Amino acid sequence: MISRIEENFYRISLRMPYRLRHVNAYLFDHDKELILFDTGLNVSGSYETLEKDLTDAGMNINNIKHVFLTHAHTDHCSMAGLLQKKSGAKIYLSKAAAEECEHLRQPDSAIKQLRKFYSQQGMSPHQIDLVIEEYKYIQNIIAEFNTDSYLQENESFEFGNWKFEVIFTPGHAAGHVCFFFREKSFLLAGDHILPFISPILSPDIFDNNFRPLKAYRDSLKAIGKLPVSTVYPGHGNPFIDLNKRIYEIQKHHQKRKNNVLNNVASQPKTTYDITSELINDSVSDFDKFLILNETLIYLKELKADGVINEDIANNILVYTKA
Ligand SMILES: [Zn+2]
């Protein structure tokens, strides 16, 4: 579904078969050249829906000449390659996001790393197999593309009246960026901040030094300083009170982090053990995996705070209260 926000600025809401149900792409029309921010999920019928939406609004998919990506998650980037093939669009994303895509192109080494990483968290080989299945699905869904330019921090772009800056917002994904339209005082936020859920955080299995929660909270502070009047998120409706939403999400993480701390004891526990204590049996395997990822990032922060210890025994990480 396409809706006009203001002259030459559109929101395109594209269907997803799971979870959040819809993902938003945003489109700007500049002299018949179309500039697209995020692309939607590459599943059967998505491309045709996008094409029809544009035709209905009097535009042509072949005129998409620039595609800017907030991050390398499938629901935001997986159609970029199709659009590039069709219209020759230039594709822009951060170097860290491009590296995430690069890992997906080398599945053998990525799968080996996944096994190593999650067995260290106390997951069984069978549970890891389920994660790998999901990983392979993601790998197949992203249409290959060539990156034309790596986005630089605070880089500015100008397409006629549409001027925006690239704001680096690592956290939800290491290579996440937002696009800030200073003159219009609006922010295309991707998944950095959403109106109704706290964006998922997960570890970078290739970079153990990356602290997703610290990075995320710092990135929230960074956008909180910008003079933003309207936020256009990757999922859900636009919203106005950015700093109120930042406050709610910061509080949410503080509470969750305390919950994890309360489940660390004097006897050693793995990330998997702690996660199991935080949830009930009705939680699906995949949701449990997402919660395990979050538990892990809280443990990382608690370790950095010096309130828990991390040790390794038989190649499995265990945690105790300091
Ligand atoms: Zn995402």
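The values are calculated or read from the model by the stated rules, or taken from the named source; none is laboratory data. On a predicted model such as this, the values are computed, not experimentally measured, just so you know. So basically every Cβ, Gly included, is an ideal-geometry build from the backbone, and we count neighbours across all protein chains shown. For the accessible areas, the whole protein counts, side chains as well, though only heavy atoms, and no ligand, DNA or RNA atoms are used. Shrake-Rupley method; radii C 1.70, N 1.55, O 1.52, S 1.80 Å.
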Subject >> With Cα atoms, 0 to 90° folded angle of helix 95-104 axis to the chain main axis >> reply: 70 degrees
Original post:
Going by accessible area, probe 1.4 Å, with all protein chains left in place, what is the ranking of R217, R21, largest first?
Top reply: R21, R217
Original post:
Looking at the square roots a ≥ b ≥ c of the eigenvalues of the Cα gyration tensor of the stretch 139-243, which shape do they give, rounded for a/c under 1.5, prolate if a/b is larger than b/c, or oblate?
Top reply: oblate
Original post:
Counting only heavy atoms of protein chains, what accessible area per residue, in Å², does the chain have with a probe of 1.4 Å?
Top reply: 46 Å²
**OP:** Quick one: compute the contact order of the chain, relative version, from alpha carbon pairs under 8 angstrom and 6+ residues apart, as a percent.
**Re:** 13 percent
Original post:
Against the longest principal axis of the chain, how steep is helix 107-119, in degrees 0 to 90 to the nearest 10, with axes from Cα atoms?
Top reply: 40 degrees
Original post:
What is the spin-label model distance, in nm, from I316 to F286 if the labels are put 7 Å beyond Cα along the C-beta direction?
Top reply: 2.7 nm
Subject >> Simple label model, 7 Å out from Cα along Cβ direction - D218 to H252, nm >> reply: 2.2 nm
Original post:
What is the stretch 254-321's relative contact order, in percent, from Cα pairs under 8 angstrom and six or more apart in sequence?
Top reply: 44 percent
**OP:** Take the alpha carbon atoms of the stretch 1-84, find their radius of gyration, then divide it by 2.2 N^0.38 Å using N residues; give the quotient.
**Re:** 0.98
Subject >> Over the chain: helical MRE at 222 nm, DSSP H runs n ≥ 4 each giving -39500 (n - 2.57), nearest 500 >> reply: -12500 deg cm²/dmol
Original post:
Taking the Cα centre of the chain as the origin, how large is its charge dipole in debye, to the nearest 20, when only Lys and Arg (+1) and Asp and Glu (-1) carry charge on their Cβ atoms?
Top reply: 600 debye
**OP:** Check cross-link reach from K303 to the lysines: straight Cα distance under 28 Å, and skip same-chain residues fewer than eight apart.
**Re:** K112, K116, K214, K221, K251, K255, K257, K269, K288, K321
Original post:
When DSSP beta bridges are limited to those with both residues in the chain, what percentage is antiparallel, rounded to the nearest 5?
Top reply: 70 percent
**OP:** Please work out the FRET efficiency for the pair N209 and E183, using the Cβ-Cβ distance as r and a Förster radius of 51 Å; give the result to the nearest 0.05.
**Re:** 0.85
**OP:** Check the straight Cα-Cα distances from K32 and name the aspartates and glutamates below 14 Å, setting aside those fewer than 8 residues away within the same chain.
**Re:** E7
Original post:
If you average 1/r over every pair of different alpha-carbon atoms in the chain and take one over that average, what Kirkwood value in Å do you get?
Top reply: 20.6 Å
**OP:** Treating the angle as unsigned and between 0 and 90°, give the value, to the nearest 10°, between the Cα long axis of helix 212-224 and the longest Cα principal axis of the chain.
**Re:** 40 degrees
**OP:** Report the relative contact order of the stretch 114-235, percent, no decimals, based on alpha-carbon pairs under 8 angstrom and at least 6 residues apart.
**Re:** 21 percent
**OP:** Report the residue, chosen from S119, S198, S282, that carries the largest GNM mean-square fluctuation when the chain is represented by alpha-carbon nodes joined by springs under 10 Å.
**Re:** S282
**OP:** Mind giving me the FRET efficiency for A304 and I197? R0 is 22 Å, r the Cβ-Cβ distance, nearest 0.05 is fine.
**Re:** 0.30
Subject >> Cut-off 15 Å between beta-carbons: net charge of the residues surrounding P195, Lys and Arg +1, Asp and Glu -1 >> reply: +1
**OP:** Excluding S94 itself, calculate the net charge of residues whose Cβ lies under 11 Å from the Cβ of S94, where each Lys or Arg counts +1 and each Asp or Glu counts -1.
**Re:** -3
Original post:
With the Cα gyration tensor of the stretch 110-184 giving a ≥ b ≥ c as the square roots of its eigenvalues, does the rule (a/c under 1.5 for rounded; else a/b larger than b/c for prolate; else oblate) give rounded, prolate or oblate?
Top reply: prolate
Original post:
Under the Kirkwood approximation applied to all pairs of distinct alpha-carbon atoms, what is the hydrodynamic radius of the stretch 254-321 in Å?
Top reply: 12.0 Å
**OP:** Please report, as a whole percent, how much of the solvent-accessible surface of the stretch 254-321 comes from carbon and sulfur atoms (probe radius 1.4 Å).
**Re:** 46 percent
